[in-house]
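A.B. asks: Once you've had a glance at the structure underneath, I'll fire off some questions.
Read-outs throughout are calculated quantities, based only on the coordinates presented, and are distinct from any laboratory measurement. A quick note: this is a predicted structure, and the numbers were derived from the prediction, not measured. Here the Cβ is made from the backbone with ideal geometry for all residues, glycine too, and neighbour counts use every protein chain on show.
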């Protein structure tokens, strides 16, 4: 993995951090404005979403020439990093895992490209509900059910945390500190079971999906 690839990944995540708050508000406004036409226009929107999903997540898996295990491990690592409340640094986490893996277990290889692609499971639309799920799970694990807040209140607080200026590292630091100050341990503890479950399910599913696609291609 070259420096250009890491640079491009970091640059994309930098733009994601800087624009997430604006796009989240725009998405909520757009959903409100489109509610009246949802019954007549949901099919094209659904098809467009499926095409985007296929382009972002499935195409990198299918185009790779490596074995199914290599690609499925990429999905595993990507989901493990994606399902954390460290917005903006999931791609850097993938690069860090890759570097550690090369030193400690060089034979356990995975696709960095596929892993970085699957970190985009957490995006402008999924971050608020996923992070809220992390918070509720963490509060349940710590026995703090009485401290639960509504999703609307959480979305407002998250919006305020994401409104930060500065360069990439400074923005990521401010967002992380802001989340710790507002939600503390529950947010970061609650992501652990979801990261493990998502990574394992993603690994098993992708391994089966890639194997079936390869068998179909060989038969054809």
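A.B. asks: Each label point is 7 Å from the Cα along the Cα-to-Cβ direction; what then is the distance between the points at residue 142 and residue 201, in nm?
C.D. replies: My value for the distance between the label points is 2.5 nm.
A.B. asks: Mind checking the alpha-carbon convex hull of the range 61-193 and giving the volume per residue in Å³?
C.D. replies: Each residue corresponds to 124 Å³ of Cα convex hull volume.
A.B. asks: For the range 60-127, rounded, prolate or oblate, judged on the Cα gyration tensor with a ≥ b ≥ c (square roots of eigenvalues), a/c < 1.5 rounded, else prolate if a/b > b/c? Please list the in-between numbers first.
C.D. replies: Values: a/c = 2.68, a/b = 1.36, b/c = 1.97.
In terms of gyration-tensor shape, oblate.
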